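Engineer: Pasting a structure below so you can have a look.
The values are calculated or read from the model by the stated rules, or taken from the named source; none is laboratory data. These numbers come from a predicted model, not from an experiment. Cβ coordinates were reconstructed from backbone atoms using ideal geometry, including for glycine residues, and neighbour counts include every protein chain displayed. Just so you know, the surface numbers come from the protein's heavy atoms only, side chains and all, with ligands and any DNA or RNA stripped out. Shrake-Rupley method; radii C 1.70, N 1.55, O 1.52, S 1.80 Å.
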Amino acid sequence: MKRDFLAITDFNESEIRETLKLAGDLKKKKGQILDVLKGKTVACIFQEPSLRTRVSFEVGIHELGGYSLYVTDNEIKLGVRESIHDVAKVLSRYVAMIEIRTLSHDNVIELARHSMVPVINGLTDLLHPCQIMGDMQTIIEHKGKVDNMKVAYLGDGNNVANSWLKAAVRIPIDLRIGTRKETMPDEGIVQEARDAGRSKIAITEDPKEAVRGADVIYTDVWASMGQKDKADSQADLLKNYQVNSRLLAAADKDCIVMHCLPAERGREITDDVIDGEHSVVFDQAENRLHIQKAIMVKLASWM
Ligand code: CP
Ligand code: NVA
């Protein structure tokens with residue numbers, strides 16, 4: 001039966017662990033062309049800009065032996081030129097999988113509901129599941145494990161923060177979110193993570209408390225796609241949550257610093273930290289390739 005990957009919780013715990021293991025194995029075979037998607041096409045729909053997601057999906061599809069079709073909203077005008085229902089039905093007749101980046105999470109749910117082929121969420125304003133899957137791979141590479149790691153997320157309670165909470169539903173993590181009450185993550189997702197009882201979930205307005213003894217310090221832009229008009233007011237709200245060397249001093253001395261990129265250097269993170277010895281941001285970027293290949297392999301195996 002076709003399965004989708006719209007949220008990390010669409011995979012159960014063992015499927016997440018298998019996917020992480022597979023991504024590590026695929027990384028060792030980097031550059032080899034496999035035949036998992038041989039003769040198949042994957043549509044990559046982008047309504048928003050992207051470097052990492054677009055390129056890593058296209059390269060990954062190529063390395064799995066498939067063909068990627070880049071589709072922008074200029075062509076389809078999702079939900080405007082025709083309904084998402086009809087787009088899903090039509091694409092299902094042409095392609096083996098659909099990856100989509102669009103702001104509205106409801107669009108992705110609607111697309112997946114009517115698609116006969118797997119749909120992968122390449123970022124919505126609610127969730128960015130491929131990112132945090134790749135980030136867990138990066139943590140395992142640098143720390144040997146992700147289980148029970150102290151992960152401190154600082155800044156805006158956005159799609160990336162929400163995705164950490166979704167990961168914490170399935171995998172035990174000591175997750176601390178440092179943010180303002182005005183910029184909290186999604187309330188329902190916080191509750192879901194707490195109700196799951198799998199992870200420690202702490203939310204604090206004190207950035208020092210969030211990073212105390214942390215193994216991982218994570219940040220992201222303070223104004224996401226679709227909210228760039230709020231960039232200055234968000235910066236004003238969140239200025240105490242900047243990841244800089246003073247904050248780093250409160251974390252574990254061997255902590256790693258993560259950012260999904262693109263970064264606004266000098267805002268949520270300083271140059272010395274993002275370019276410093278603790279930073280693993282380019283490993284994160286690379287692992288998007290390997291984890292998404294693993295996700296596509298899993299989805300293809302369930303068809
Ligand atoms: N991290 C990430 O998703 O980057 P892009 O927006 O460039 O795809
Ligand atoms: N929170 C950011 C992530 C970018 C990869 C955004 O949605 O713009």
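Engineer: Can you find, within the stretch 213-252, the residue that is most open to solvent (accessible area, probe 1.4 Å) among those that are in contact (Cβ under 8 Å) with a residue 40 or more places away in the chain and of a type in the set (D, E, K, R)?
Structural biologist: So, considering only residues that are in contact (Cβ under 8 Å) with a residue 40 or more places away in the chain and of a type in the set (D, E, K, R), the one most open to solvent (accessible area, probe 1.4 Å) is Asp252.
Engineer: Could you check how many residues of the stretch 55-67 are away from ligand 1 (no atom under 11 Å from the Cβ), aliphatic (A, V, I, L, M) and surrounded by fewer than 17 Cβ atoms within 10 Å (Cβ to Cβ)?
Structural biologist: The qualifying residues number 1.
Engineer: Only one of (1) within 24 Å of Ala43 (Cα to Cα); (2) open to solvent by 70 Å² or more (accessible area, probe 1.4 Å); (3) more than 16 Å from ligand 1 (Cβ to nearest atom) is not met by Pro262, so which one is it?
Structural biologist: (3)
Engineer: State whether the residues of the stretch 253-262 include one that is in contact (Cβ under 8 Å) with a residue 24 or more places away in the chain, more than 22 Å from Asn158 (Cβ to Cβ) and within 16 Å of ligand 2 (Cβ to nearest atom).
Structural biologist: no
Engineer: Any chance the stretch 131-141 includes a residue that's more than 16 Å from ligand 2 (Cβ to nearest atom) and either among the aromatic types (Phe, Trp, Tyr) or surrounded by fewer than 22 Cβ atoms within 10 Å (Cβ to Cβ) (or both)?
Structural biologist: The answer is yes; a qualifying residue exists.
Engineer: Now for a different question. List pairs: first in the stretch 30-54 and without any contact (Cβ under 8 Å) to a residue 24 or more places away in the chain, second of a type in the set (Val, Ile, Thr) and open to solvent by 90 Å² or more (accessible area, probe 1.4 Å), Cβ under 6 Å, 6+ apart or cross-chain?
Structural biologist: So the pair list comes out empty.
Engineer: (1) part of a loop (DSSP other than H, G, I, E, B); (2) surrounded by fewer than 21 Cβ atoms within 10 Å (Cβ to Cβ); (3) touching a helix residue (DSSP H, G or I) at 6+ places or on another chain (Cβ under 9 Å): which one isn't true of Val117, the others all being true?
Structural biologist: Every listed condition holds for Val117 apart from (2).
Engineer: Please determine, by comparing only the residues of the stretch 142-165 that are part of a helix (DSSP H, G or I) and crowded, with 22+ Cβ neighbours inside 10 Å, which one is farthest from ligand 1 (Cβ to nearest atom).
Structural biologist: Within the stretch 142-165, the first condition is being part of a helix (DSSP H, G or I), and the residues that meet it are 142-143, 159-165.
If we keep only those that are crowded, with 22+ Cβ neighbours inside 10 Å too, we end up with 159-165.
Values: Asn159: 10, Val160: 8, Ala161: 14, Asn162: 14, Ser163: 11, Trp164: 14, Leu165: 18 Å.
Ranking the qualifying residues of the stretch 142-165, first place goes to Leu165.
Engineer: Same structure, new question: Across the stretch 234-247, what is the total count of residues that are more than 16 Å from ligand 2 (Cβ to nearest atom) and more than 11 Å from Leu154 (Cβ to Cβ)?
Structural biologist: 4
Engineer: Exactly one condition in (1) in a helix (DSSP H, G or I); (2) more than 16 Å from ligand 1 (Cβ to nearest atom); (3) open to solvent by less than 10 Å² (accessible area, probe 1.4 Å); (4) in contact with a helix residue (DSSP H, G or I) (Cβ under 8 Å, 6 or more places away or on another chain) is not met by Ala210; state its number.
Structural biologist: Single failed check for Ala210: (4).
Per-residue answers, yes or no, for (1) hydrophobic (A, V, I, L, M, F, W, C); (2) away from ligand 1 (no atom under 16 Å from the Cβ); (3) open to solvent by 50 Å² or more (accessible area, probe 1.4 Å); (4) closer than 21 Å to Asp10 by Cβ:
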{"site": "Leu37", "(1), (2), (3), (4)": "yes, yes, no, yes"}
{"site": "Thr41", "(1), (2), (3), (4)": "no, yes, no, no"}
{"site": "Ile45", "(1), (2), (3), (4)": "yes, no, no, yes"}
{"site": "His85", "(1), (2), (3), (4)": "no, yes, yes, yes"}
{"site": "Val90", "(1), (2), (3), (4)": "yes, yes, yes, no"}
{"site": "Ala96", "(1), (2), (3), (4)": "yes, yes, no, yes"}
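Engineer: Right, another one. What are the pairs, 6+ residues apart or on separate chains, where a residue within the stretch 288-301 that is among the small types (Gly, Ala, Ser) has its Cβ under 7 Å from a residue that is at pLDDT 95 or above?
Structural biologist: Between residues of the stretch 288-301 that are among the small types (Gly, Ala, Ser) and residues that are at pLDDT 95 or above, the close pairs are Ala294/Thr19; Ala294/Leu22; Ala294/Ala23; Ala294/Leu26; Ala300/Val36; Ala300/Leu37.
Engineer: Now, a different point. Yes or no: Arg52 farther than 20 Å from Gln131 by Cα, among the charged types (D, E, K, R) and open to solvent by 20 Å² or more (accessible area, probe 1.4 Å)?
Structural biologist: No, not satisfied.
Engineer: Of all strands (runs of 3 or more DSSP E) completely enclosed by the stretch 1-113, which ones contain at least 2 residues that are of a type in the set (Ser, Thr, Tyr)?
Structural biologist: Once the strands (runs of 3 or more DSSP E) in the stretch 1-113 are filtered for at least 2 residues that are of a type in the set (Ser, Thr, Tyr), what remains is 67-72.
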